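Notes follow once the structure below has been shown.
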Amino acid sequence: MRVTFKQLEAFIAVYDHGTFDGAARHLGVAQSAISKQIQELEQWFGFSLFDRSGRSGKPNAMAREVISQARHVLLQRGVFDSCLMSNEIVKRKLRIGVTELTALKWLPGIVQAIVKEFPHITILPVVDMGSALSAQLLAGRLDVVVLPDAFANEGIIKFSLHSENFGLYCSPGLELRGVDVGLEVFEKYALLSEVKKSGSGILINEWLRSKDVKLLSQVACSSLLAMIGLAISGLGVVFLPPLIADSYVKTGQLTKVALHPAPPDILYVAMARADSFTPILQRITDIVSKVCTSSSLV
C-alpha cells in the first residue's frame, strides 16, 4: 500500500480542526471517508496518530512528529500543480479572513480580482477580529488573512499593505468639537474599544501606554456598530478610520476630535503560513496586496 495525497489531506485536516467531523466538513467528504483514510495511513505508518477518546481527534506525539513532513509533501504537490495548470483551470477552495473594517473597503475588490484570474476558485470569506483570524491562520483553517500588524507568529509570511489613519470621534454632546485636546481627554471620557481581540485596538492601546496615559475607563465592544452606537449616545470617545466615521459626521451624529498628538498610522498586512505557501497562494497574496495598496480605507 502506498500513501496517497487524500490520506495526507485528511491527516492535516484532522490535525488542524481537532475533530474528524470538522475535517470532513472542511474537505467536503463524509466523516467515514476521513476515518478510513486515517486508518489506512496509520496502518502504513505502523502506529496511531490521534487519540480518539470522545468525539475529538487529538494529535498524539507521533502525529506532531510527522505533520511538518506531510505539509511539505502537499506544498510540493502544489508547486508541481501550479507549473502544469493554467489559472483558468485551477480548482480549489480559498479561505480568506478579513477584519470588519477591511471587509467594508477591500473584500469586494479582492474577491473580484481573484475570481477574474482564477475563475474556478471557490472563495470562502471569514470576517472576524484580528486575534481570531490570526489563530485560525495558525491552525490551518484560513489560507490568507488581512488585518492590522499587531500579531507576530513564527512560520508566518507577512506582506505590508497600507498604513491607515485613525481619528478620535465622539458625540457632539460632549462639546469637544473645534477644540484642541491633549491626551488628558482620556482621563475625562471613557475609551470605547475592541481592545482585547482587535488588532487596531491592541496597537492604539500600546500607543496610549507608551504615552503613560491614564484611562478613566475602557468599554470593550465586540461589534463595530455597537461601539459606534455607544459613541453616538455620548458614553465615550472612539478611534475610527474616516471611511466609517464620515457618514456619521455628515449626519451630525459624531464629531471629530482634534487630538494632539494624534495616534500613529496603523499598518495593515496580509499573512499566510510558510508551510503551505504554494505558487498559487503566492499569486493570490500578490492580488490581495495590489488591491489593498491601490486604495486606502478613506
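A short reminder: the numbers here are calculations on the coordinates, not readings from a lab. None of the values given here were measured: they were computed from a predicted structure. Heads up, the Cβs are rebuilt from the backbone with ideal geometry, glycines too, and the neighbour counts pull from every protein chain shown.
Say we join alpha carbon atoms closer than 10 Å with springs in a Gaussian network model of the chain; which of ARG71, ARG273, ARG141 then has the biggest fluctuation?
ARG71
Hey, could you pull the Cα Rg and Dmax for the chain, both in Å?
22.9, 76
In the chain, what % of DSSP beta bridges are antiparallel (nearest 5)? Walk me through the intermediate numbers first.
Numbers: 23 of 40 bridges.
Antiparallel: roughly 60 percent of the beta bridges in the chain.
Quick check on packing: order 41-48, 253-260 by the mean number of other C-beta atoms within 10 Å, highest mean leading.
Top of the packing list down: 253-260, 41-48.
For the chain, what is the mean residue ellipticity at 222 nm derived from helices alone (per DSSP H run of n ≥ 4: -39500 (n - 2.57); sum divided by total residues; nearest 500 deg cm²/dmol)?
On the way: 11 runs with 132 residues, N = 298.
Mean residue ellipticity, 222 nm, calculated: -13500 deg cm²/dmol.
How high is the FRET efficiency from VAL213 to THR293, r the C-beta distance, R0 30 Å, rounded to 0.05?
0.40
Highest mean first, how do 214-220, 8-14, 155-161 rank when packing is the count of other Cβ atoms within 10 Å averaged over residues?
Order by mean packing, descending: 8-14, 155-161, 214-220.
Take the Cα of SER68, step 7 Å along the line toward its Cβ, and report every residue of the stretch 3-20 whose backbone nitrogen sits under 18 Å from that point.
12, 15-16
Which one of ILE12, LEU176, THR285 is farthest out on the positive end of the charge dipole of the chain, using unit charges on Cβ (Lys, Arg +1; Asp, Glu -1) and the Cα centre as origin?
Projecting each Cα onto the dipole axis, the largest value belongs to ILE12.
Only counting other Cβ atoms within 10 Å, I'd like ARG209, ARG283 sorted with the fewest neighbours first.
With the fewest neighbours first, ARG209, ARG283 line up as ARG209, ARG283.
How large is the dipole of the stretch 117-256 about the Cα centre if only Lys and Arg carry +1 and Asp and Glu carry -1, each at its Cβ, rounded to the nearest 20 debye? Can you show the working numbers first?
On the way: 11 positive and 14 negative charges, 57 e Å.
The dipole magnitude comes to about 280 debye.
Given 0.36 nm per residue, what is the gain on full extension from ARG52 to ALA258 after removing their alpha carbon distance, in nm?
Details: separation 206, 0.36 × 206 = 74.16 nm, distance 5.85 nm.
Separation in residues times 0.36 nm, less the Cα-Cα distance, equals 68.3 nm.
R0 = 30 Å: FRET efficiency of ASN60 with ALA152, Cβ-based, nearest 0.05?
0.55
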